[in-house]
Amino acid sequence: MDNCHKVCIFAALELPAYAERTAYNHRMKNKVIIIGGGISGLSAGIFAQKNNLDSIILERHLIPGGECTGWDRQGYHIDSCIHWMVGTLPGTETYRLWEELGALGPDIPMVKHPAYLRFDGPDGQQFHLWNDLSRMEKELLQLSPEDEKLIRQFVDDIRRYVVIESVTSRPMEQRSLCDHIAYFWSIRKAIMPHVRHAKQSVGELSKRFHNKFIGDTMLAYLPETFYAEALLYMYAVVTSGKAGIPAGGSKATVYRMKERYESLGGTLRCRAEVKRIIVENDCAKGVELNDGTILEADAVIASCDPHVTLYDLLDGRYEDTYFKTRYEDKDRFPLFSHAAVYYGCKTQMQQTDADTIAFNTSRPFLMAGREQQTLLVKNYQYEAGFAPEGHTVLQILIQQNEADYEYYKHLRDTDIEAYKAEKQRIGDFIAQELEAHFPELQGQLQLIEFTTSYSLTRFCRAYKGSYMPFVTRPNVERTFHNGRIKGLNGLYLAGQWLQPPGGLINAAITGKFAVQRLIKDL
């Protein structure tokens, strides 16, 4: 019997009736420390409070949110996270979870554009990933009649992937055989598309189209090594109405969760960075903060980056095969991220139907030592509070990989002035390309922020600057982490890295699962 829970178990054995055990639990609340105030940490805190645990969230920054955050710069608001959020369709399982967490509700407007992405090609050619699949299918057939058979199958596969819904009820190991059968029955329409695409990358799927313009559009958003099912599922979620942008963006969403947590009696402590997890007899007993403060607890939930948990807070004393394999096997589990360039725009752009516009620059440009050409442009014109009246904020995303991260890390650590100059050079080039592509922006752009993948590590301690977990590649088994570290009791993990492909909804789910595992142990 593990030492963490002897007292609670023995006490329960002394109380024969369930009502008496419940009364005991109300008298003797278990203390839980949650490391990290991001989405998973807030989710864990909310469910801890709802299950009569006494929780405290320790967040190293001035505000909660982790990578789901925003900040003000030169009169503009920068939204650093939510491009679209899974779980925004009322009545779905994921929506009910967000509603329980306070993030969504009937009084919170959702932003939904007619098109998910518009790709601008040469000579004025355009292709839209419309949220109306029939409309997109028609546009695809007009662009490439020779791909008719492939196009119709592609659209049909997207429709079939709509049935896939994230399971939010309980962790995998706590689900019954009936639960598993019911789930597989619910997704039966997606089985054939899965068979077709399970061993296919986004790059391989794009090359099947005779029309290169269509193929380039598919590569605009995801790395070509990513598994093709991710693209199909992502688009299915958007077209089904299950994904949208909550009003106010990332920071407002986090603060709604913060309010829910504190209304339940939870304690959020910011500027409280954890130095180490205190372990006695292979059992987590509390934490030590950077200022030397010792906080004791009956259990600890680590909602920070797992690399930080394993190698900093636990000093590498406990080996986790799941993560060790992924950190070491870079061919099967590569990392990806992005650089984000923000401009304050002194005018409004022409209204577009698309949430994001992609286009290739007039010529390739060097970034972190390799050529880039595709820009993803997001216009926050729909958020009036993000900019002064008559102005807007533009966000430009550029795909990055681990080599890019190492480049920027080395440059900033060795020559910060060169690092700043490099960002200015790229920012000036992109501004010129934006003005050429959108004539109404001539002389209206002001570079206000530039975050590289290394910025994510500096501010959020994200492993190798990755804002999402490892790239899931074809032929690589997609497995979930069980939220525990072998040989260590009383410690539970939460965060998007536990459930590929990650994202905000998986962060929220794993926060809930961490508490469910803790409750089961108690």
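Details
- Sequence-ordered 3J(HN,Hα) estimates for segment 334-343 from the Karplus curve with 6.51, -1.76 and 1.60 and θ = phi - 60° stand at x, 10, 9, 7, 8, 9, 10, 10, 10, 10 Hz, glycine and proline given as x.
- Projecting the Cα atoms of CYS178, TYR408, SER166 onto the charge dipole of the chain (Cβ charges, centred on the Cα centre) puts CYS178 farthest toward the positive pole.
- Per-residue Karplus couplings for segment 111-121, computed as 6.51 cos²θ - 1.76 cosθ + 1.60 with θ equal to phi - 60°, are listed in order as 9, 9, 8, x, 10, 6, 8, 10, 10, 9, x Hz, Gly and Pro entered as x.
- Of the three principal axes defined by the Cα atoms of segment 209-256, the extents in descending order read 46, 21, 19 Å.
- Those lysines that a straight Cα-Cα span of less than 17 Å connects to LYS378, excepting residues fewer than 8 apart in one chain: LYS112, LYS346
- The charge dipole of segment 205-344, taken about its Cα centre with unit charges on the Cβ of Lys, Arg, Asp and Glu (plus for the first two, minus for the last two), comes to roughly 780 debye.
- Between ILE181 and ASN51, the modelled label-to-label distance comes to 2.7 nm, taking each label 7 Å out from Cα in the direction of the beta carbon.
- Cut-off under 5 Å, modelled amide H: who pairs with LEU376 long-range: LEU397
- Helical contribution to [θ] at 222 nm, DSSP H n ≥ 4, -39,500 (n - 2.57), averaged over the chain, rounded to 500: -11000 deg cm²/dmol
- Backbone phi angles across segment 96-108, fed through the Karplus curve with coefficients 6.51, -1.76 and 1.60 (θ = phi - 60°), yield HN-Hα couplings of 4, 5, 4, 5, 5, 7, x, 6, 10, x, x, 8, 9 Hz in residue order; Gly and Pro are listed as x.
- Between the helical axis of 228-239 and the longest alpha-carbon principal axis of the chain there is an angle of about 90 degrees.
- Taking amide H as placed 1.01 Å from N in the peptide plane, LYS275 has its amide H under 5 Å from the amide H of GLU288, LEU289, ASN290, each at least 5 places away in sequence or on another chain.
- In a simple Cβ point-charge model (Lys, Arg +1; Asp, Glu -1; nothing else charged), segment 374-522 has a dipole of about 1120 debye relative to its Cα centre.
- For the chain, the mean projected area of the C-alpha convex hull, equal to one quarter of the hull surface, is 25.2 nm².
- DSSP beta bridges fully contained in the chain are about 70 percent antiparallel.
- Hits among lysines - C-alpha to C-alpha of LYS420 under 21 Å, sequence gap 8 or more where chains match: LYS409, LYS464
- Anisotropy class of segment 405-483 from Cα gyration tensor, a/c 1.5 cut: oblate
- For LYS29, the aspartates and glutamates whose Cα falls under 12 Å of its own Cα, not counting residues fewer than eight places away in the same chain, are ASP54, ASP298.
FYI, it's all coordinate maths here, none of it is from the lab. Everything numeric in this text was worked out from a predicted model, so none of it was measured. Reconstructed Cβ throughout: ideal geometry from the backbone, glycine too, with neighbour counts over all protein chains shown.
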